[in-house]
1. Positive end of the charge dipole of the protein assembly as shown (Lys, Arg +1 and Asp, Glu -1 on Cβ, about the Cα centre): tell me which of C:P101, A:G83, C:P112 has its Cα farthest that way.
2. Using the Kyte-Doolittle scale, find the helices of chain A whose mean hydropathy is at least -0.5 and whose Cα atoms extend 30 Å or more along the helix's long axis, counting only whole DSSP H runs.
3. Over the stretch B:107-207, what is the relative contact order in percent, taking alpha-carbon pairs closer than 8 angstrom and at least six residues apart?
4. Tell me the distances, shortest first, between B:P243 and the same position across the other copies, using label points 7 Å along Cα→Cβ, in nm to one decimal.
5. I want the local charge near D:T196. Using Cβ-Cβ distances under 15 Å, sum +1 for each Lys or Arg and -1 for each Asp or Glu among the other residues.
6. Only counting other Cβ atoms within 10 Å, I'd like B:Y42, D:Y61 sorted with the fewest neighbours first.
7. For chain A, what is the charge dipole size about the Cα centre, in debye to the nearest 20, if Lys and Arg each add +1 at the Cβ and Asp and Glu each add -1 at the Cβ?
8. Got the C:P146 label distances to the other copies yet, label 7 Å along Cα→Cβ, in nm, shortest first?
Number of protein chains: 4
Amino acid sequence: MPEKLTDVIAELALANRILAHEGVLDAFGHVSVRHPSDPGRYLLSRARSPAVIEPDDILEYTLDSAPVKPPKAHLYAERVIHGCIYQARSDVMAVCHHHAPAVMPFCIAGKPIVPVFHVGAAMGADVPFWDQHDEFGDTNLLVVKPEEGRSLARALGGHSAVLMNRHGATVVGGSLKELVSRSIFMCQNAEFQLRTLASLGAPAPLHPGETRLAGSISLMPNVLSRTWEYWCTRLAAAGAMPPQGGAKKAAPQGGAKKATRRAPAKAAPRRGKARRRR
Amino acid sequence: MPEKLTDVIAELALANRILAHEGVLDAFGHVSVRHPSDPGRYLLSRARSPAVIEPDDILEYTLDSAPVKPPKAHLYAERVIHGCIYQARSDVMAVCHHHAPAVMPFCIAGKPIVPVFHVGAAMGADVPFWDQHDEFGDTNLLVVKPEEGRSLARALGGHSAVLMNRHGATVVGGSLKELVSRSIFMCQNAEFQLRTLASLGAPAPLHPGETRLAGSISLMPNVLSRTWEYWCTRLAAAGAMPPQGGAKKAAPQGGAKKATRRAPAKAAPRRGKARRRR
Amino acid sequence: MPEKLTDVIAELALANRILAHEGVLDAFGHVSVRHPSDPGRYLLSRARSPAVIEPDDILEYTLDSAPVKPPKAHLYAERVIHGCIYQARSDVMAVCHHHAPAVMPFCIAGKPIVPVFHVGAAMGADVPFWDQHDEFGDTNLLVVKPEEGRSLARALGGHSAVLMNRHGATVVGGSLKELVSRSIFMCQNAEFQLRTLASLGAPAPLHPGETRLAGSISLMPNVLSRTWEYWCTRLAAAGAMPPQGGAKKAAPQGGAKKATRRAPAKAAPRRGKARRRR
Amino acid sequence: MPEKLTDVIAELALANRILAHEGVLDAFGHVSVRHPSDPGRYLLSRARSPAVIEPDDILEYTLDSAPVKPPKAHLYAERVIHGCIYQARSDVMAVCHHHAPAVMPFCIAGKPIVPVFHVGAAMGADVPFWDQHDEFGDTNLLVVKPEEGRSLARALGGHSAVLMNRHGATVVGGSLKELVSRSIFMCQNAEFQLRTLASLGAPAPLHPGETRLAGSISLMPNVLSRTWEYWCTRLAAAGAMPPQGGAKKAAPQGGAKKATRRAPAKAAPRRGKARRRR
């Protein structure tokens, strides 16, 4: 995980776009990362669709989800999801909230997602289910109030993801890349579980021991480098890599005296570059 | 909502293409908007697939669905859908008729679409079902006669959308952007409902209070600007933004003395521009 | 329908690519058209995937499916499908054989496709089912022998399409454009029927009167021009329009003294042109 | 099948990308080919996603899956799949391991894939099912140890493909092109079987005689040239053809004194070239 703030911001913009391009996020959803040097703050875009987020959109928040600087733009109404989880879970370095089509049937039916193949074990053996209605009655189903965010964080507990009734999912990671992998593979697992249900019947989960052992596959060094390059290549091939952050805006927030122009990720692949050069 | 006729026409061409690009419209379907200064007229393209509509294709109709000027091109056979709804519903400013794959199974099976997730509440708690056969017997299922259009408008009543047996759906909005959002989110809701049905069983609708509260999420300022930018960006990235309307044709209809060349929408995004420059 | 041979050939190459781009054809499948001035011959590509067919690939065959000139390339093993249908059906001007994903479940399960929405009526009320095994026992399921082709043509009878057990479908039309429309809309109907089956139960067909009346919607002038422009635009936007046929090869076969370079279809749209110019 | 090592390497990079572009491989999966002149060795990429593999990534392995030269990069953890199958099956010239969405429901439910249409017969009448748990208990489900690879090879036996419980499939071929065809058509068959199951009920397999006769369709000369051109064209149209291998790296391994720049495949099509020239 990068340690310089401008690098973290660039990676966060990239992660937003990767998750959008891979179908986890759409017009909605958001991804945050804990501040690399101040664990009492986190970084999150202004209210914008993940597919178009740029480094200059990234703002800094306290764990109460208040913007550190007076905002000039709309903020995500649901940013308490991020703040409340960072408060409750010191091990969490990145959070993603999404409404991916693969998880929605489970959120709508109130049925559990379980790991059904080796890569799907990345989400862990259990994904708790949170029903906002239990505690708060009729709402617009958004997680806006601090007490709603804290309730969600309690439901998440020590797990890696939580389903939200009629709404979507929230996923956490020990790093931004772990979060991206887990979010994508949890959706793939959900998709496979749905396809199996629709054609061959309800599948049993992996054996607990298999889930435990397979859970770290996506974090193996030869896997993590492979998947990140793959997702970056696909994003670049679509002409959708984020622009680099400008010095003006990044400087006051990040304290960097001079933001140099640099590629947003190591893995900028040959094919992508060729396309962007055209 | 823009108030200048040329702006409304540009936004209507854009809305057609957004709805096509997001999979609501295909070779068929049409979108109209009420005339911004004359509530007794509406604007609709000549008979053309929504994905290719240009501002110069937009014609002006009376609420009897007669073209204001003698047409030089084919007109949509089903334009009475629009005229009859504008006559019956003074609050409606925009109408979309479509055959989206997500709603067709419901139209074919005669089963209701119900709101199953927060964003899907944009269509309201109830979507009535209209069966042309009840009143008119065997037809080619198109809505062509004024009495067919009036029957459909009666079935719609005060709702936001109506399903049409073996045919498709018609959706209305208080503005063109509200219509676009509602059309897209209703399809997404239908898709999620179908996927749930096929794998996990028939889902119950949201609680009535949830539907009422969540129904306006897509109209929240920080949401509307986000979704519109998102859909425009996707359209532009596909190289499919509409050209701008020419002065010659727009002038006599709209009365504008001089139609200046201007971007068709505020949200023309950086990525899209870059691609079009190539 | 064009009457000049070079125009017919250009339209045939275009039809192949449209049907490939719209998902009816893939690596396999083929489309033919009856010779415009000699009803005892038909035009069909050499053995090549439809997505890449060029006018120069089109060869002339007798109705016995023998090439008029000694072929220099592989021929489709299944060309008897075309010859036998042209022999049996003087009203048929174009034939398409395909394995589209939308029809395959019906071919595999031996269950009928029925018209379930207005546009789907283009295929007619009944699509007969042909099982090669009934008459020929174990085969490789290809239609290669004249007697197999004749059996298929008998099964087709006076209908517009026939399903082939474990294999695919064959569709016919009174013109190439009618064939393209029918093939696409039959697949869309099959897709909607499948989605309904998987989620809401087996749908009844349209009322017979509705099927009769709605069956000609796709041939209405304001519809045919709209759909053809739409499909051409999509093909052009993908950079996949066929090149124009060279004079050298077309001349001996078609007898044209001078093949001028000309656009392959009237509907070459602005957007497509712009992309190809880049 | 090419006989020169540099040609084989180029074809292997191309095969990786074709299988990725056709949806058989994603971030994961790998394809190998036996060494053209030394049957005791095989060729496989360093650990990299198939969609981005270049000729320079291809390494040489002994049948014990040890790299011939000290590797400078991560290797696939599961390369024993390849080595153990080449050891057990002298007729096998190419191996593909994948987690395609079409086969995963069968791997998850423990249900057989059976040939349901003519082209699907390419995988043979029976695809055995291997459950790593039977012999090895709880694992991370990867095939990493030689004894795991040998167990998988035993389960494959003399068949053309084997399903792996909760994991994916491994497919073999008598040539790289046969392997590519079989992998793609087995996925298509699985997809059709799933769609049939979800909508119309469990389909019976083809008659055994049909499977035997139809099994070689994809290897007919007029079919093999057609499919290879088709897949290459689609890959090229997406701008995703592999670059050519550099002389420096290929030389020491392949022994070629001079690696000339040459097109990676015969079938580089006109359309693809045009796009890359832009």
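Bear in mind that the values in this text are calculations on the coordinates, not laboratory data. If you're wondering where the values come from, they're calculated on a predicted model, not measured in any experiment. Reconstructed Cβ throughout: ideal geometry from the backbone, glycine too, with neighbour counts over all protein chains shown.
1. Among C:P101, A:G83, C:P112, the one farthest towards the positive end of the dipole of the protein assembly as shown is A:G83.
2. TM-like helix candidates: A:176-199.
3. 38 percent
4. Result, one decimal in nm: 2.8, 2.8, 3.9.
5. Around D:T196, the surrounding residues sum to +4.
6. Result, fewest neighbours first: D:Y61, B:Y42.
7. Computed charge dipole of chain A: roughly 1720 debye.
8. 6.3, 6.3, 8.9
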